[in-house]
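The numbers here are math on the coordinates, done by the rules we state, and not lab data. Because the structure is a prediction, the values reported are computed rather than measured. A quick note on method: Cβ atoms are made from the backbone with ideal geometry, for glycine too, and the neighbour counts reach across all protein chains shown.
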Amino acid sequence: MRTTVSKRRSGRNRRQGQVALGSAVLSALIAGGIAIPAAADPPVGSNITAIPDPGARPQPEGLPALPLGSLSQPRTQPTTAQALLLAQYSAAELELSVLAARRSELYQTYANAIVAKALADFAWRATADDLRTAKQEAEAAAVAAYQGAVKAPPQLGNSLDELEQLIPHTDAPPHTEAALADLARARQDERQAYTVLTAAIDAEHQASSAYSAVETEFKRKEVAFLELKRRLAELQSEADRLRELEQENLGSYDAGQSNAGLVAHPKAREAVMFALSQRGKPYRWGDEGPNTYDCSGLMLASYLSAGVRLNRVAKDQYYGTRHKTVSKNALLPGDLLFYATDPSDWRTIHHVAMYLGNGRVVQARTTGDVVRISTVNLGSVDFATRVVDALPAPNQPAPTRTSTPTQTASPRPPASSSPPPASSSPSASSSPSPKPSQSPSPASPVPSNTPPPVPDPA
C-alpha cells in the first residue's frame, strides 16, 4: 500500500516537473523569437472521443422578432399577370387620386393668392394716388404760407423740396399744418399698403411654385397610370366586360327606395337622376360640366341642378355636410360617400361618390375614365353624409289598435248555455225599447250568427 502511494507521488512529481520544464522551454523560445513549428501542434479535435449530446433545440414561438419590432404577416402575392397588373393599377389609381386632391387644394390656394395680390395692388395704387394728392396740397399750402410771410411773387417755384429751405422758421398757419398732417398720414398708409402688396406677391409666388411642382408630378404619374390602364384593358376578359355592362344596366331604377323607414328628399332624387344622365362623359380634373367632370364637380353640378349648392372640393363637401352623417346601414340615394387616406382625418379625403342604393354608386373616378355606375364596397368607405334631410317613407303600415284586436274576438256563448237567473222573464226579451246590450260596442264585437246575450235584470 505504501509502495503504491509512493509510486503515484513520484509519477505526479515527474509529470509536474515535465510540465514546468516544458513551460520554461516554451517561454525561452517565445522570448528568443524562435517560431514553433506548426507540425508540433496536435490536430484540432484529436482528444474528442465521442459526439457531445446536442440537447433539445428550442422551438420558435410565432414569427421571429427584429430589433425594431416583429415581422408582419406575409401577404398573398398575385398569381396571374392580370391580377398583378390589377394590383399595380389599383395602387397607381389611389396615388393619382391623392395627388389630384392635393393639386386641387393647391390650385385653390394659388387662385386665392392671385385674388389677394390683385386686391393688395388695388389698395396700394389707391394709397399712392392719395399720397400724390397730399403732396400737391402740402406744396400748395407751403407756397401760400411762404408768400404770405415774405410777400414773394407768385411765379416763385412751387417745389416743396426747394421751398422747405426758404420758409422762415415761424409757426405755420393752421391750414398748412393740416396739409402736412394729411401728407404724413398718406405716406404712412402708402407704406403699409406697399408692405401688404409685397407679402401678397411673395405668397402668390410660393403658391405658384407649390402648385407647379404637384402639377408636374401629377402629369408624370398620369402618363404611367394611363399606360397601366391600357395594358389592363388588353388583358381584360370578355366576362369582365359583360359584367361591367350588366353593372351599368339600371333597369327599372327607383330613386325613391326606402331604408330604415325613410326615403330620399325630392331634391336628392333630382340630383341622382341628373348624375345618372351624365354617364359616359369623360373625367377631367377641375371640371364641373357640362361635358366633362371630376369627382366633386359631378356632385356639385348634380345638386346644383336641384337648387342645392355644395362646396367645390371633396373634403370641403364633407365639411359642409358633416352635421348630417349617415350610418352605412341607413344610406339613401343621393347620400355622399367619401374616401380618405387616413380614416381618422377628414382632411385627407381625396374622392367622393353618390350612393344609388342596392350597393351601387355613380361617380367620376379618375383620369381616363368616364362617369359610370360602380359597385361599392361599404367597408372601404370612410365617411358618409346626407345633403338634404330625408322624409318618412309613405304607405308605412299603421300601428295596430290594441283596444280592438281582431285576433282576440271570439263568439259569445249563447244565452242557453249559461242562462242568467232572470232569463225566463218575458219583459227582458220582449221589451220594445232597445237595450244597450243589443247593439254591441266596438270594444267587444259580437258575431252576427250568435244571438245577442240576455241583459241582466234591473
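Values computed for the structure shown
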| read-out | value |
| --- | --- |
| Which listed residue is under 23 Å from residue 205 (Cα atoms) and not hydroxyl-bearing (Ser, Thr, Tyr), from 87, 100, 83 | 100 |
| Residue within the range 104-111 that is within 50 Å of the chain's Cα centre (by Cα) and among the hydrophobic types (A, V, I, L, M, F, W, C) present | yes |
| Tally, over the range 249-288, of residues that are polar (S, T, N, Q) and assigned to a loop (DSSP other than H, G, I, E, B) | 4 |
| Of residues in the range 317-359 being among the charged types (D, E, K, R) and surrounded by fewer than 17 Cβ atoms within 10 Å (Cβ to Cβ), the one nearest to residue 375 (Cα to Cα) | 328 |
| Pairs, first farther than 24 Å from residue 101 by Cβ in the range 263-287, second among the basic types (Lys, Arg) and surrounded by 20 or more Cβ atoms within 10 Å (Cβ to Cβ), C-beta under 7 Å, six or more apart | none |
| Number of positions in the range 354-386 that are of a type in the set (Asp, Glu) and over 20 Å from the mean Cα position of the chain (by Cα) | 1 |
| Flag for residue 342 being of a type in the set (D, E, K, R), touching a Pro at 6+ places or on another chain (Cβ under 8 Å) and under 30 Å from residue 223 (Cβ atoms) | no |
| Subset of the range 275-330 [under 16 Å from residue 366 (Cα atoms) and under 15 Å from the mean Cα position of the chain (by Cα)] | 295, 296, 313, 314 |
